[in-house]
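The values are calculated or read from the model by the stated rules, or taken from the named source; none is laboratory data. Note that the coordinates shown come from a computational prediction; the quantities given were computed from them, not determined experimentally. Cβ placement follows ideal geometry from the backbone for every residue including glycine, while neighbour counts extend to all protein chains displayed.
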Amino acid sequence: MALYKKIYARTRIWRYRLLSGMNHRMEGKPILHQPLLIQGSGLVRVGERVHLGYELSADFWSGYTYLDLRGEGSLIEIGEDVMINNSASLTADGSVIKIGRKTVAGIHLSIETGDGHSLHPEKRHSGDFPRLPVYVGENVFIGDRVTILKGVTIGDNSVIGSNSVVTKDISANVVAAGNPCRVLHPLK
């Protein structure tokens, strides 16, 4: 990459570091290829060689990785050798997101541990809604534009196809895709 492009990318990373709230705690140091914005008061724990962003992919110049830690007990844990592509959004809403080692994810990954608001009309603004952890196993391959919802566990080595909405657990060693995401066949 040309020097001026590297300077531009580094300037964006530095600016987003200043914009991140300082209420969170960070253990480990990810390798940033695009900006990282962290909000909230929980803990982010990253292993060795965690890459966030990818310079040869969509949204490199305009996107950023967003980690939102809403409330007490919020934890986002990313294992070693994980690569998460551009414009990911992970929201641990008083719960836990754990991504196992050697997992790779495409652009626009979204993981949510809660609904954000109650589904019941009378409680919509109360903050009273279920919060459930999300666990992504080791060596999982997640395609582009995948959404993983609260309470989901994805087993080791599985593949989640692009544009999937994962609403239920996916077992290990399978290929799954769709909206809602379902197992298509075992890995061959």
- line: Apart from one, (1) over 15 Å from the mean Cα position of the chain (by Cα); (2) of a type outside the set (V, I, T); (3) within 15 Å of I78 (Cα to Cα) all hold for D128; the odd one out is (3)
task: For the range 91-106, name all the residues that are within 19 Å of R25 (Cβ to Cβ) and either among the hydroxyl-bearing types (S, T, Y) or buried (at least 24 other Cβ atoms within 10 Å of the Cβ) (or both).
output: T91, A92, D93, S95, I97, I99
message: Quick check on the range 64-72. Is at least one of its residues of a type in the set (A, V, I, L, M, F, W, C), farther than 26 Å from A176 by Cβ, touching a residue at least 40 places away in the same chain (Cβ under 8 Å) and buried (at least 20 other Cβ atoms within 10 Å of the Cβ)?
response: yes
Candidates S110, S162 - the one that is among the small types (G, A, S), under 18 Å from the mean Cα position of the chain (by Cα) and surrounded by 16 or more Cβ atoms within 10 Å (Cβ to Cβ): S110
statement: Here the qualifying pairs (Cβ atoms under 6 Å; residues six or more apart or on different chains; first in the range 104-128 and more than 14 Å from D93 (Cβ to Cβ) and of a type in the set (V, I, T); second at pLDDT 95 or above and not in a loop (DSSP other than H, G, I, E, B)) come out as V104/M83; V104/F141
- prompt: Only one of these conditions is not met by V174: (1) out of contact with any Asp or Glu (no Cβ under 8 Å at 6 or more places or on another chain); (2) closer than 23 Å to Y64 by Cα; (3) β-branched (V, I, T). Which number is it?
  reply: (2)
Residue that is surrounded by the most Cβ atoms within 10 Å (Cβ to Cβ) [pool: residues in the range 4-54 that are within 17 Å of D81 (Cα to Cα) and of a type in the set (D, E, K, R)]: R45
field: Tabulated pairs, the range 5-18, first under 10 Å from P35 (Cβ atoms), second of a type in the set (F, W, Y) and surrounded by 13 or more Cβ atoms within 10 Å (Cβ to Cβ), C-beta under 9 angstrom, 6+ apart or interchain
entry: A9/F60; R12/Y64; I13/Y64; Y16/Y64
